[in-house]
Each structure stands twice: as structure tokens, then as C-alpha cells.
1. Working only within the range 105-161, note down all residues that are hydroxyl-bearing (Ser, Thr, Tyr) and in contact with a strand residue (DSSP E or B) (Cβ under 8 Å, 6 or more places away or on another chain).
2. Of all the residues that make up the range 154-194, how many are over 22 Å from TRP25 (Cβ atoms) and touching an Asp or Glu at 6+ places or on another chain (Cβ under 9 Å)?
3. Given the criterion under 19 Å from ASP74 (Cα atoms), out of contact with any Gly (no Cβ under 9 Å at 6 or more places or on another chain) and among the aromatic types (Phe, Trp, Tyr), identify the matching residue among TRP141, TRP96.
4. Looking for whichever is in contact (Cβ under 8 Å) with a residue 40 or more places away in the chain and open to solvent by less than 100 Å² (accessible area, probe 1.4 Å) here; the options are ALA180, ALA152. Which one fits?
5. Among the residues of the range 92-149 satisfying the criterion of being small (Gly, Ala, Ser) and on the phi > 0 side of the Ramachandran plot, which is surrounded by the most Cβ atoms within 10 Å (Cβ to Cβ)?
6. Considering only the range 183-194, I want to know if a residue exists there that is open to solvent by 50 Å² or more (accessible area, probe 1.4 Å), free of Cβ contacts under 8 Å to residues at least 24 places away in the same chain and under 34 Å from the mean Cα position of the chain (by Cα).
7. Inspect the range 35-46 for any residue being in a strand (DSSP E or B) and open to solvent by 80 Å² or more (accessible area, probe 1.4 Å) and give the result as yes or no.
8. Determine, yes or no, whether VAL67 is surrounded by 11 or more Cβ atoms within 10 Å (Cβ to Cβ), under 30 Å from TRP123 (Cβ atoms), of a type in the set (Val, Ile, Thr) and touching a Leu at 6+ places or on another chain (Cβ under 9 Å).
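The values are calculated or read from the model by the stated rules, or taken from the named source; none is laboratory data. Worth saying up front: this structure is predicted, and the values here are computed from it rather than measured. Positions of Cβ are backbone-derived with ideal geometry, glycine not excepted, and every protein chain shown enters the neighbour counts. Side chains are part of the model used for accessible areas, which takes the heavy atoms of the whole protein and leaves out ligands, DNA and RNA. Shrake-Rupley method; radii C 1.70, N 1.55, O 1.52, S 1.80 Å.
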Amino acid sequence: MRTRMRGWRWRRNPLRRRSDVVEAWTSLLLAVLLCVGAPLVGTAVGWWAYGDARATQTAQRAERHQVPAVLVQDAPAVAPSSQGVRQPLYRVPVRWTEPGKGTRTTFAQVPAGSLRGERVRVWLDAKDHGVGPPPSDAAVWQHGLTAAVWAACGVAGAVFLGRAVIGRISERHRMAEWEAEWARTGPDWGRRTA
């Protein structure tokens, strides 16, 4: 039968070594870092990433605009696939008329299978180049949450790695302390004094 002694590293007893006390305190510190530090770092990084993505979204919404255009040529047809229902996008030339500037042409991404002459809405930048739409609100939130989760996992991974390293170092010190103790006790161990 095995008996568990909870907290034996904290109590005074002849088997407790200095390395046991150091390991117990560092384990407590690492547990606090894991339970408090990882969520705090994750939250801070998540809010920072959200703010950065929100600023990018605002800037892109300010500089990009959407215009109705007509396809100049057919987009490649949809290849049958069992991977999903989302259609791929292809870059094809489109034409639109801008008041005061006449007819303009550029390349824009359109869904597969779009035919020449179809009307589509395309996003253009300040130089009238075809670009993707600005990130949606859901994409901004997803970016912030992803950064938060990865940051918290990074801190947790660092804490677990630190615990493993401290455990190895403590074990080495514990064995050295036991060896020194045995060097003092060992010669008298088998000797009879009576």
C-alpha cells in the first residue's frame, strides 16, 4: 500500500532537503503564472491584435471603394470537387465606367464560372486596381481571438518547459544532497555499536 503525504515538502521532516523546498516554491510560482499570467498575457495580446486589425479594417474601408463592373472575359469553370461548396475566385479583366474619366479596365477576383458580360461588384483601391474587400467584423474578431489563444498557449508552454527544466535541476541537486548525506552516513551504517 502506498500512502500519500500531501505537502510533505512544506513540513519539517528529516527527509526534506533544501532542493525539495526550492522545487515546491518554484512549482507554486509556476502554477500562479499558469493560472494568472497566461490568461492575462492572452487577453492583452488579443486586445492589441483586435485593435491593430480594427485599424487596418478602418484604413482599408477608407481607401477602397466598390463599383459595378462588367466581365470582359469568362472566368474558368468550376471544377467538380468533394472538398466543399465554396467556389474558388479567379482574376479576370473587368470594365466599368467612371463619371468624368470614361471606361476603365482592371483585373478583379470573381467567382468561378462567371460569364463574359455579367455584372459584378468589384473592390478598387485609390489607384483603381482590383483588390479584395476589407476585412469583415467577424474576421477582425477572429484575428484577435486567434492571437489571444496563441499567446496564452505560448505562455503555458513556456511555463511547462520551465517546470520540466526546474524539475531536472532539482532532481540533480536532490541526488547530490542524498549522495553527500550517504557519504557521511554510509561508513557507519553496518557497524554494530553494542
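1. Result: THR105, THR106, SER114.
2. Of the residues in that region, 0 qualify.
3. TRP96
4. On inspection, the qualifying residue turns out to be ALA152.
5. Ranking the qualifying residues of the range 92-149, first place goes to GLY113.
6. No, the range 183-194 contains no residue that is open to solvent by 50 Å² or more (accessible area, probe 1.4 Å), free of Cβ contacts under 8 Å to residues at least 24 places away in the same chain and under 34 Å from the mean Cα position of the chain (by Cα).
7. No, the range 35-46 has no match at all.
8. Yes, satisfied.
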